[in-house]
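The values are calculated or read from the model by the stated rules, or taken from the named source; none is laboratory data. Computed from a predicted structure; not experimentally measured. Neighbour counts run over all protein chains shown; Cβ positions are idealised from the backbone, glycine included.
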Amino acid sequence: MSDPVWVGVDIGGTKILAGSVDPHGGVGGTVQRPAGPRDGSVEELESTIVEAALAAAAGAPLVGVGLAAAGFVDAAGERVRFAPHLPWREDDVRRRLAARLQVPVGLANDATCALEAEVAHGAARGRDSALLVTVGTGIGGALMVGGRVVRGSGGMAGEFGHMRFVPGGHPCQCGLQGCWEQYASGGALVREIRRATGTAGSDTLTGPGITDAALAGDPAALNAFGVVGRALGLGLAGLVAAFDPDCIVVGGGVSAAGELLLAPARGALVEGLVGAAWRTVPDVLVAACGPEAGMIGAVVQARRQCG
Ligand SMILES: [Zn+2]
């Protein structure tokens with residue numbers, strides 16, 4: 001009989017990624033499933049999660065399951081209040097999945113889980129305070145101060161992507177205008193290229209495509225990373241002024257561009273940071289746990305929540 005395992009399940013807007021995670025953050029076999037449509041049923045979504053968790057365990061008995069959800073999770077880690085790309089609305093996700101899986105289940109927001117993974121096993125290992133931003137289609141975030149993740153009174157802390165960056169600026173999917181993620185994400189890279197080259201309709205323009213073009217020396221792509229990296233750094237300067245973290249970890253799909261994004265971000269961070277000459281400017285690091293950060297951190301978090 002196989003040793004009992006913890007399984008982490010990262011429930012994103014488009015896909016569900018599940019894998020067994022050992023106490024050192026090592027990931028066994030992973031399985032991937034489509035998350036289903038936003039207007040699909042809660043029952044269908046939760047059945048997919050249960051099936052993915054059992055498939056990831058590959059016949060080994062489950063000790064427990066950690067869930068990382070792309071949505072607002074309440075401060076107690078019991079309910080998903082709202083998820084923009086998933087059907088959950090004020091749903092008692094933790095209790096219901098624990099009943100179906102017959103093991104302890106932990107629940108937290110996906111960016112919170114990614115930060116837990118980076119602090120326990122990744123780029124922010126051993127740090128006491130850390131800020132995480134995930135730069136993908138939009139911007140997600142999480143904050144740790146004094147070794148504890150800051151969740152806020154309603155569990156909604158860390159939505160840095162929706163801080164007002166440009167008053168009266170680009171409309172955001174959240175309903176507000178001028179949000180930071182409109183200027184410092186993969187979506188902003190695409191907009192910047194279109195603006196610079198005048199190609200309004202190219203459907204083939206994607207974040208990874210722009211990264212490849214920049215690595216190959218394409219001037220428009222390099223310029224787009226400069227513009228977006230600076231917007232990232234300026235927003236980070238505000239967050240550092242507010243929270244004074246020891247380090248900043250940048251994850252998400254766009255972070256694969258590495259220094260193309262981080263070099264202009266560091267420059268703008270120093271320029272925009274109050275008292276930069278008289279303080280230690282935090283290290284800006286690329287996330288180390290990769291696309292598995294959510295599932296790894298879900299297990300780190302669940303071990304504590306269920307312990
Ligand atoms: Zn917004």
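General observations
- When ALA157, ALA124 are checked against the criterion of being assigned to a loop (DSSP other than H, G, I, E, B) and within 16 Å of the ligand (Cβ to nearest atom), ALA157 stands alone in meeting it.
- Helices (runs of 4 or more DSSP H) wholly inside region 194-279 that include at least 1 residues being at pLDDT 95 or above: 219-243, 259-272
- Scope region 40-98; condition part of a strand (DSSP E or B) and over 10 Å from ILE11 (Cβ atoms); matching residues: LEU62, VAL63, GLY64, VAL65, GLY66, PHE72, VAL73, ARG81, PHE82, ARG89, GLU90, ASP91
- For region 219-232, the set of residues classified as closer than 11 Å to ILE193 by Cα and of a type outside the set (A, V, I, L, M) consists of PRO219, ASN223, PHE225, listed by residue number.
- From the options GLY229, GLY187, residue that is within 24 Å of ASP110 (Cα to Cα), of a type in the set (Gly, Ala, Ser) and within 16 Å of the ligand (Cβ to nearest atom): GLY187
- Scope region 99-121; condition assigned to a helix (DSSP H, G or I) and among the polar types (S, T, N, Q); matching residues: THR112
- Note on region 144-171: residues that are surrounded by 20 or more Cβ atoms within 10 Å (Cβ to Cβ) and over 25 Å from ALA69 (Cβ atoms) total 1.
- Lone qualifier among ALA83, ALA108 - being buried (at least 19 other Cβ atoms within 10 Å of the Cβ), within 16 Å of the ligand (Cβ to nearest atom) and assigned by TED's automatic domain parsing to the domain that holds ALA298: ALA83
- One residue from LEU54, LEU67, LEU101 being touching a Leu at 6+ places or on another chain (Cβ under 7 Å), at pLDDT 95 or above and farther than 26 Å from VAL149 by Cα: LEU101
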